[in-house]
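The values are calculated or read from the model by the stated rules, or taken from the named source; none is laboratory data. All values reported here derive from a predicted model rather than from experimental measurement. Reconstructed Cβ throughout: ideal geometry from the backbone, glycine too, with neighbour counts over all protein chains shown. When the accessible area is computed, the model is the full protein with side chains, heavy atoms only, and any ligands, DNA or RNA have been set aside. Shrake-Rupley method; radii C 1.70, N 1.55, O 1.52, S 1.80 Å.
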Amino acid sequence: MRDDLRDLPLRERKKLRTRRALAETALRLFTERGYDATTLDDLCDAVEVSKRTFFRNYRSKEDVALAADSDLWSAYLDYVAAQEMNGPLIEALRVALDTTLSTMDPDWDRRFLAARELSEAVPALQAHSLGYCQDTTRALVKVVSGRSGTDVEEVRLRLTVEIFVAAWRTASLRWTAQGGHGGRDTLTKLVEETFAEIPAALASSA
């Protein structure tokens with residue numbers, strides 16, 4: 001997110017800079033050399049850190065390749081957990097997504113697009129992305145159901161979250177198919193357009 005590193009303790013600043021350097025360098029090397037052709041040793045050598053440091057920040061090559069995804073959804077889950085949410089749940093979740101997107105760092109758009117393009121080209125990343133999506137969906141259900149004042153029965157809650165995630169995925173795929181044209185503003189617009197289509201989609205005839 002658009003955090004001011006100067007507001008963080010020195011140790012946290014160093015940790016965040018290392019994490020960012022690993023993610024940035026991984027995307028560059030995976031794009032230039034190929035995902036399979038780039039080893040963790042190559043990445044660690046390029047950033048000048050040990051494998052031990054790498055594994056303190058990321059669990060795997062797949063994890064660092066898709067860091068832009070985890071950056072967004074970690075920030076999103078934290079935001080949802082901390083905010084008051086009123087009105088229709090699906091709309092509250094969408095508004096929270098708009099807000100979270102607006103707070104991501106200025107370079108996030110480029111990193112997210114690059115990660116999506118890699119994911120489309122590398123089967124291991126496709127599988128990891130789907131698994132991460134499932135984990136995030138479960139985490140969001142848990143966060144929303146654990147909120148005080150939330151009164152949505154379990155089946156309806158899970159269904160709402162699944163629809164929310166599907167709408168986001170549809171919008172983000174449209175954006176990446178356009179090569180990220182228009183940047184984050186266009187992505188946000190596509191998110192809003194896609195969510196607006198949900199009632200009609202659910203009422204569509206077979």
Measure of exposure for S205: accessible area at 1.4 Å probe, Å² rounded to 10, is 110 Å²
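Tell me which trypsin sites (Lys or Arg not before Pro) from segment 97-206 have a DSSP coil assignment and no more than 16 other beta carbons within 10 Å of their own. Don't skip to the answer; put the middle values down first.
Details: sites: R110, R111, R116, R138, K142, R147, R156, R158, R169, R174, R184, K189; in loops: R147.
Of the trypsin sites (Lys or Arg not before Pro), the ones in loops of segment 97-206 whose Cβ has at most 16 other Cβ atoms within 10 Å are R147.
Ignoring ligands, DNA and RNA, what accessible area per residue does the chain give at 1.4 Å, in Å²?
Values: 11700 Å² over 206 residues.
Roughly 57 Å² per residue, with all protein chains present.
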Using the alpha-carbon atoms, what tilt in degrees (0 to 90, nearest 10) does helix 154-177 show relative to the longest principal axis of the chain?
60 degrees
Take the alpha carbon atoms of segment 172-202, find their center, do the same for segment 104-170, and report the distance between the two centers in whole angstrom.
15 Å
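Let me know the charge dipole size of the chain about its Cα centre in debye, to the nearest 20, where only the beta-carbon of Lys, Arg (+1) and Asp, Glu (-1) is charged.
600 debye
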Need the list of lysines near K61 for cross-linking: C-alpha distance under 24 angstrom, and skip anything on the same chain fewer than eight residues off.
K14, K15, K51
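Could you order Y132, Y35 so the one with the most accessible surface comes first? Probe is 1.4 Å. Walk me through the numbers before you get to the answer.
Working: Y132 45, Y35 15 Å².
The most accessible residue leads, giving Y132, Y35.
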Please compute the modelled spin-label separation between E197 and L10, points set 7 Å along Cα→Cβ, answer in nm with one decimal.
5.3 nm
Per DSSP, loop GluC sites (Glu not before Pro) in segment 63-171 with at most 15 further Cβ within 10 Å
E84, E153
